[in-house]
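Asks: Structure provided below as structure tokens; questions to follow.
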Amino acid sequence: MDDSTPCERNDLVAEEDNMIKAVGLNRHDLVALTGLAHLYYRKGRFKEAYELFQETVSLDSRNSSLWFYLGRCCEELDKRVEAIDAYGYCTGAGVGRECQVEERMAALRQAVTGVESQRIPQKILSPKRILVINNLYPPQELGGYGRLMCDFANILERRGHDIYVLTSDTPYLGCVDKDEPNINRGLVLCGAWHNGVSKLINDNNKILQIVKGNSEKICNVIREFRPELCLLGNIDFLSHMVFEPLLKNGIPVIHHLGNETTGYNVNDTPRSNLYRLATASGWLRDEIIRQGYPLKEISIIYPSAFVEEFRMRILPALDKLRIAYAGIVLPYKGPHILLEALKRLYDLGVDFSCSLAGTSTDKKFVDQLKNLVVAYGLENKIDFVGFLPRKKLKGFFARHNVLAFPSVFQEPFGISQVEAMAAGLTVVSSGTGGAREIVEHSVSGLIFESENSESLSRELLWLVENPEKWRKIARQGQNRALNEFDIEKSVDRLEQEFSTLINWRCLSAQEQGVCVKSPDVLYGEIGKVMRDGRQKEMIRALETFLKIYPGYGAAHNDLGVLHSKEGEKEKALEHYEQAARLEPENGTFQKNLADFYYVELGRVEEAMERYVKVLGIDPTDIDVLLILGRICVSLDQSDNAKFFYGRVLEIEPWNVDARERLDELGEGQSSEVGGRRTGKEVDDSGIG
């Protein structure tokens, strides 16, 4: 109960408002964050205090006092395991408090018996040896895709997989100044990037030598590391020949594509079931299909982001436009469009500040942008901060409230949009290519016309003129990032795809007469990893399965269901009938065939025969009894209809449907209805 006086409560409200304003201007202001967290703790708002103390310890991990209060909040919220973890950082917590911490930890350890096991998530994929191949790898990167592959590799490793990375050494893109266990930079690229432009080596013989040498290196890694799976990324300047040794050795490959070109020609498309292309967006998948690549299945695995890492609990202050640009500083990313839009706002008298973060391979272009800022008279409004690693990027976002994403080319995805949304910034995007799949206009962000600085300035001005809607969009954008684009979910999808490919490999081995798994185990695994709506792939897998085990009724039944959903009635009928023939005592298979006869084909007499057979297997099947009643009514066989409805009421006296149907037949529940006729008598009446 709150014992404070009205005056004291007003003071607390005013104190909270002031602290929120301070945090909103710089959400990495440790003093303001800590003060607000303590205020919520004193007011008993432990969930809010818990979230803010989480942020403070991420900024100052050596502050024992912050860990102590995080532990107390965890206790209040019944997060006992987290409380133990937090208290574990309270070394040197101060006189008197250390004893208190030890006592609390001892009590909590007794209370968490059996809880620890609940923290272990259910594994999608058992630990495997996974080879990761990408043309570039941090700290040598260009545009951020290498960083994504590194993130995927690190998460897979944390999940228990053994990871080995094979990449190139490109010193002009970064210096490797530390030991790199399990990273091999032995690949050689057939080209390079200069001033933002990629250039292939102008010597075909040299390219052939490089490709041959890379293939030999991959073969050596396969012999030494013995990978069970391969995650392949960008193969620009590597050639499609990287596939050959992998697929030849039966190693399933997921090729995650983050740009508009696959890295190989249409005619060089791998034909193996062990190869799976996974694109960074739906737009990119459609683009690959449009280009004519003959791939039966293309998955979508969003790159996503460490959204929890970027998440900030307090939304930024909307005092003025504080605009961030985060990306490589090259013409195709459109920073010049942003500067033109800011000049328009300046001429309108709109207050703003803007910072551009990102590296560049084109110094001349960066100098042109800086000269443009001077020409516009915006030196005090715009600054260039250069490249920022991820940890500093979060601090960068903490000082801004808008991310401008003015890309002028068709973006495969756009990770910086997700990171900014998670941090609470409002994204104003050109929405090209896959970038539009992230931002919903006027819901979770704003979309402007690509290459149109006037359109961009108009959307930015709209935010200033509509602060309440601005705040709502920022909150909805943050929720969308957290719910839809968590990188952990993307790695879940990677593991699911790997499981699918492993089963394809098992199917291929079984088809060749190599006994790998029992039919029941293999069938169960096929179903387990393919329950995400990919019907065509499921059909292919089951058809392959039936080549090996043609008498497996459940697979025929499943194919009947899948072909029916695809509108392929002849194929569906063939498999439904085969399932029913193989297992005549299986009521589900008989019922599915009866339903198909009745609903899809209108073959009523055959349907009735099957339904009666189902009743022979299970005389209490209410659904079948009701269906037979309806069919009999449609055929003017009222006596038979009364029998079936009466049988329903014997089993379920409360069944309203059967009661109403009998009333319509003028029968009620007379002594002549229900249970008096055997299945033989029903057959003799002309039904079956």
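The values are calculated or read from the model by the stated rules, or taken from the named source; none is laboratory data. Just so you know, these numbers come straight off a predicted model, no measurement behind them. Here Cβ is always computed from backbone atoms with ideal geometry, including for glycine, and neighbour counts include all displayed protein chains. Note: areas computed on protein heavy atoms with side chains; ligands, DNA, RNA excluded. Shrake-Rupley method; radii C 1.70, N 1.55, O 1.52, S 1.80 Å.
Asks: Quick check on my link table: of Lys565/Lys591; Lys547/Lys571; Lys128/Lys391, which ones sit more than 25 Å apart, alpha carbon to alpha carbon?
Replies: Lys128/Lys391
Asks: Still on this structure, please answer the following. Evaluate the charge dipole of region 147-195 about its Cα centre and quote only its size in Debye, nearest 20, assuming +1 on the Cβ of each Lys and Arg and -1 on the Cβ of each Asp and Glu.
Replies: My answer is approximately 140 debye.
Asks: For region 160-175, what does the Karplus curve 6.51 cos²θ - 1.76 cosθ + 1.60, with θ = phi - 60°, yield as ³J(HN,Hα) per residue in whole Hz, taken in order and with x for Gly and Pro?
Replies: x, 7, 8, 10, 10, 10, 10, 8, 9, 10, 10, x, 5, 9, x, 9
Asks: Within the chain, what whole-number % of the accessible surface is contributed by carbon and sulfur, with the 1.4 Å probe and all protein chains included in the calculation?
Replies: The nonpolar share, carbon plus sulfur, comes to 48 percent.
Asks: About the Cα centre of the chain, what is the dipole size in debye to 20, counting +1 per Lys and Arg Cβ and -1 per Asp and Glu Cβ, all else neutral?
Replies: I would put it at about 2260 debye.
Asks: I've got another one for you. Short version: what are the Cα gyration tensor semi-axes of region 311-434, square root of 5 times each eigenvalue, largest first, in whole Å?
Replies: In descending order the semi-axes read 21, 18, 14 Å.
Asks: Given the rule -39500 (n - 2.57) for each run of at least 4 DSSP H residues, summed and divided by the residues of the chain, what is its mean residue ellipticity at 222 nm, to the nearest 500 deg cm²/dmol?
Replies: Calculated at 222 nm, the ellipticity per residue is -16500 deg cm²/dmol.
Asks: Using Cα pairs closer than 8 Å and at least 6 residues apart in sequence, work out the relative contact order for region 375-522, in percent.
Replies: Dividing the mean separation by the residue count of region 375-522 yields 17 percent.
Asks: Rank these residues by their accessible area, most exposed first, probe 1.4 Å: Tyr172, Tyr87, Tyr376.
Replies: So, going from the largest accessible area down, we get Tyr172, Tyr376, Tyr87.
Asks: I would also like to ask the following. Which of the lysines could a cross-linker span from Lys79 if the Cα-Cα distance has to be under 17 Å and same-chain partners fewer than 8 positions apart are dropped?
Replies: Lys47
Asks: In addition: What order do Val266, Val31, Val614 take when sorted by accessible area (1.4 Å probe), most exposed first?
Replies: Descending accessible area places them as Val31, Val266, Val614.
Asks: Within straight cross-link reach of Lys381, meaning Cα distance under 23 Å, which lysines are found once same-chain residues fewer than 8 apart are removed?
Replies: Lys21, Lys320, Lys333, Lys343, Lys363, Lys364, Lys370, Lys392, Lys394
Asks: Right, here's the next one. With an 8 Å cut-off on Cα pairs and a minimum separation of 6 or more residues, tell me the relative contact order of the chain in percent.
Replies: Over the chain, the number comes to 8 percent.
Asks: Take the Cα coordinates of the chain, assign each an equal point scatterer, and use the Debye formula without solvent to give log10 I(q)/I(0) at q = 0.05, 0.06 Å⁻¹.
Replies: The Cα Debye sum returns log10 ratios of -0.37, -0.53.
Asks: Okay, moving on. Diagonalise the Cα gyration tensor of region 182-284 and give the resulting equivalent ellipsoid semi-axes, square root of 5 times each eigenvalue, largest first, whole Å.
Replies: 21, 19, 13
Asks: Nearest 5 is fine: what % of DSSP beta bridges in the chain come out antiparallel, could you say?
Replies: Antiparallel bridges: around 10 percent, rounded to the nearest 5.
Asks: Can you give the accessible area of Phe68 in Å² (nearest 10), computed on protein heavy atoms with a 1.4 Å probe?
Replies: 10 Å²
Asks: What are the ³J(HN,Hα) values, in whole Hz, obtained from phi via the Karplus relation 6.51 cos²θ - 1.76 cosθ + 1.60 with θ = phi - 60°, for each residue of region 439-444 in sequence order, with x given for Gly and Pro?
Replies: Result, ordered by residue: 9, 9, 4, 6, 10, 10 Hz.
Asks: Something else about it: Could you give the length gained on full extension between Lys320 and Ser198, defined as 0.36 nm per residue of separation minus the Cα-Cα distance, in nm?
Replies: Computed gain between Lys320 and Ser198 is 40.0 nm.
Asks: Hey, what do the phi angles of region 549-560 turn into as Karplus ³J(HN,Hα) couplings, whole Hz, using 6.51/-1.76/1.60 and θ = phi - 60°, x for Gly and Pro?
Replies: 10, x, x, 8, x, 4, 5, 4, 4, 4, 5, x
Asks: Please name which of Ser64, Gly213, Pro252 has its Cα lying farthest along the dipole of the chain towards the positive end, using unit charges on Cβ (Lys, Arg +1; Asp, Glu -1) and the Cα centre as origin.
Replies: Projecting each Cα onto the dipole axis, the largest value belongs to Gly213.
Asks: A further question on this structure: Could you rank Ile155, Ile415 by how accessible they are, 1.4 Å probe, largest area first?
Replies: Ile415, Ile155
Asks: Any idea of the accessible area per residue across the chain, 1.4 Å probe, to the nearest Å²?
Replies: Spelled out: the 1.4 Å probe surface of the chain, per residue, equals 47 Å².
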